[in-house]
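The values are calculated or read from the model by the stated rules, or taken from the named source; none is laboratory data. Because the structure is a prediction, the values reported are computed rather than measured. As a convention, Cβ positions derive from the backbone with ideal geometry for all residues, glycine included, and neighbour counts pool all protein chains shown.
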Amino acid sequence: MDPITIIDKYYKDHHIARDILIRHSHAVATKAVAIAGYLGLKGKKLVFIYEAAMLHDIGMYLTNAPEIGCYGELPYICHGYLGHNLLLKEGYKKHAKVCERHTGTGISKKEIIQRGLPIPERSMKPRSVEEKIICYADKFFSKNPDKLGVEKKPEKIIKKLRRHGEDKVIQFEEWHMAYNIPESPFD
């Protein structure tokens, strides 16, 4: 599978969104693969992490987010399940799950119902280690065109997550303890 071929299939008329998607996803994929390698994951798992990280936001063009070149009709929060549906149609069930489960630190069915979110009422929380690594890596990179590829500090991520509940902060901090790669003393 070639993620760029799949992206090109859906983004041929969405040039700005395509550029943002690819640059953002490449940053996420690079970080996620580095984390997975550091944790000792190999072979097919690394390939999957790269592919799924490149495709995790593929549904964004169907949402209304003009600041990133997306002129669809649905709210941005829908991009995960929309991407899930696209990748299911392409025959990539495991990759599709990453799309649906990467938003924030994941969204529970209870949270969807309580907050009245316009997404299907089912658990959208990452389950596999691969899903969790991609979800964690995604938090470090914005799709803001002026900040593409610039890695956020954990403190800034935590501040943003706190607006959505302390449980999101706790989840991120757990992942940070498990997935943060120590900096090289030579950097």
(request) Check D13, D8 and return the single one that is at pLDDT 95 or above and either among the small types (G, A, S) or surrounded by fewer than 22 Cβ atoms within 10 Å (Cβ to Cβ) (or both). (result) D8
(request) Quickly run through region 137-187 and pick out the residues that are among the hydroxyl-bearing types (S, T, Y) and surrounded by 15 or more Cβ atoms within 10 Å (Cβ to Cβ). (result) S142, Y179
(request) Could you please let me know if A53 is part of a helix (DSSP H, G or I) and either under 18 Å from G80 (Cα atoms) or touching a strand residue (DSSP E or B) at 6+ places or on another chain (Cβ under 8 Å) (or both)? (result) yes
(message) Restricting to region 57-75, name every residue that is in contact (Cβ under 8 Å) with a residue 24 or more places away in the chain, of a type in the set (D, E, K, R) and over 22 Å from G106 (Cβ atoms).
(response) E67
(message) I'd like to know if region 117-124 contains one or more residues that are under 22 Å from A53 (Cα atoms), modelled with pLDDT of 95 or more and of a type in the set (V, I, T).
(response) yes
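Quick check: anything in region 110-120 out of contact with any Phe, Trp or Tyr (no Cβ under 8 Å at 6 or more places or on another chain), of a type in the set (S, T, N, Q) and either surrounded by 13 or more Cβ atoms within 10 Å (Cβ to Cβ) or within 28 Å of L46 (Cα to Cα) (or both)?
We begin by selecting, within region 110-120, every residue out of contact with any Phe, Trp or Tyr (no Cβ under 8 Å at 6 or more places or on another chain); these are 110-118.
Then keep just the ones that are of a type in the set (S, T, N, Q); that gives 114.
Filter once more, keeping what is either surrounded by 13 or more Cβ atoms within 10 Å (Cβ to Cβ) or within 28 Å of L46 (Cα to Cα) (or both): none.
No, region 110-120 contains no residue that is out of contact with any Phe, Trp or Tyr (no Cβ under 8 Å at 6 or more places or on another chain), of a type in the set (S, T, N, Q) and either surrounded by 13 or more Cβ atoms within 10 Å (Cβ to Cβ) or within 28 Å of L46 (Cα to Cα) (or both).
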(message) Suppose we keep only residues that are among the small types (G, A, S) and buried (at least 24 other Cβ atoms within 10 Å of the Cβ) within region 79-95. Which one would you say is farthest from the chain's Cα centre (by Cα)?
(response) G83
(request) Sort out which residues of region 74-116 are among the small types (G, A, S) and under 14 Å from P3 (Cα atoms), and write them in order of number. (result) G83, G91, A96
(request) Inspect all residues belonging to region 63-78 and state whether any of them is buried (at least 22 other Cβ atoms within 10 Å of the Cβ) and of a type in the set (G, A, S). (result) no
(message) Which count do you get for residues in region 52-62 that are surrounded by fewer than 24 Cβ atoms within 10 Å (Cβ to Cβ) and touching a His at 6+ places or on another chain (Cβ under 6 Å)?
(response) 0
(request) Hey, can you tell me all the residues within region 57-75 that are in a helix (DSSP H, G or I) and in contact with a strand residue (DSSP E or B) (Cβ under 8 Å, 6 or more places away or on another chain)? (result) M60, Y61, L62
